[in-house]
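Derivation of every value follows stated rules applied to the coordinates shown; laboratory data play no part. Here the structure is a predicted model, which is why all the values come from computation and not from measurement. Quick reminder, even Gly has a Cβ in these numbers, built from the backbone with ideal geometry, and neighbours come from all protein chains shown.
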């Protein structure tokens, strides 16, 4: 069974990015138990402080690093705050990029998407986020750009997105992630 960890760059309770990830988790669940998904909750992480990053670090950081280490790939969704990823996501990536040269992000396949109430779907946050992930040593999964615009109108009562064109976009991202897991870790995943 392959393991995928999801990370929402938003702290809001009714986040459209979290809804996009909930939709992705349901897409993965429909694949008949091939995948186990888990979530890193960035709200649980303290502000990065190297003084705290001794030994294995704070408990929430240890847990987040453990989830990422155990994962075959990660999927990150973030809104755009002033043209960049959220500060909370950047903080999480600072924690997850350490220890230097041995970080849980090093060589980890990562897919990226953005979602926003705006018409461009937070796409302007993607270059900055990609740059930071590459600096952290992540392997960015090659997939069509996923940027969900006008997202607040797309989330249903169950917390998922059902708009067919967006679901198809997310299914494409899932397929690219599955292909990366198969190619990167040689994890046997049933077709």
Per residue convex hull volume, Cα atoms of segment 90-178, in Å³: 110 Å³
How much space per residue, in cubic angstrom, does the convex hull of the C-alpha atoms of the chain take up? 111 Å³
Using the number of other C-beta atoms within 10 angstrom as an exposure proxy, rank 85, 1 with the fewest first. 1, 85
Given the options 92, 125, 179, state which has the largest fluctuation in a GNM of the chain using a 10 Å cut-off (strictly under) for Cα springs. 179
Order of 51, 124 - criterion: other Cβ atoms within 10 Å of each residue's Cβ, fewest first: 51, 124
Would you please give the FRET efficiency between residue 107 and residue 144, computed as 1/(1 + (r/R0)^6) with r the Cβ-Cβ distance and R0 = 22 Å, to the nearest 0.05? 0.45
Could you list 77, 10 so that the one with the fewest beta carbons within 10 Å of its beta carbon is first and the one with the most is last? 10, 77
Which order do the peptides 137-147, 110-120 take when ranked by the mean count of other beta-carbon atoms within 10 Å per residue, highest first? 110-120, 137-147
In nm, to one decimal, how far is the modelled label at residue 29 from the one at residue 119, with both set 7 Å along Cα→Cβ? 3.5 nm
If I take every Cα pair under 8 Å that is 6 or more residues apart in segment 2-185, average their sequence separation and divide by the length, what percent do I get for the relative contact order? 25 percent
With R₀ set to 35 angstrom, the calculated FRET efficiency between the beta-carbons of residue 135 and residue 171, to the nearest 0.05, is 0.75
Using a simple spin-label model with points 7 Å from Cα along the Cα→Cβ vector, what separation in nm is obtained for residue 54 and residue 69? 2.0 nm
Can you give me the Cα centroid spacing of segment 147-180 and segment 97-138 in angstrom? 18 Å
Using only DSSP helix segments of four residues or longer, with each worth -39500 (n - 2.57), what per-residue ellipticity at 222 nm results for the chain after dividing by its residue count and rounding to 500? -11500 deg cm²/dmol
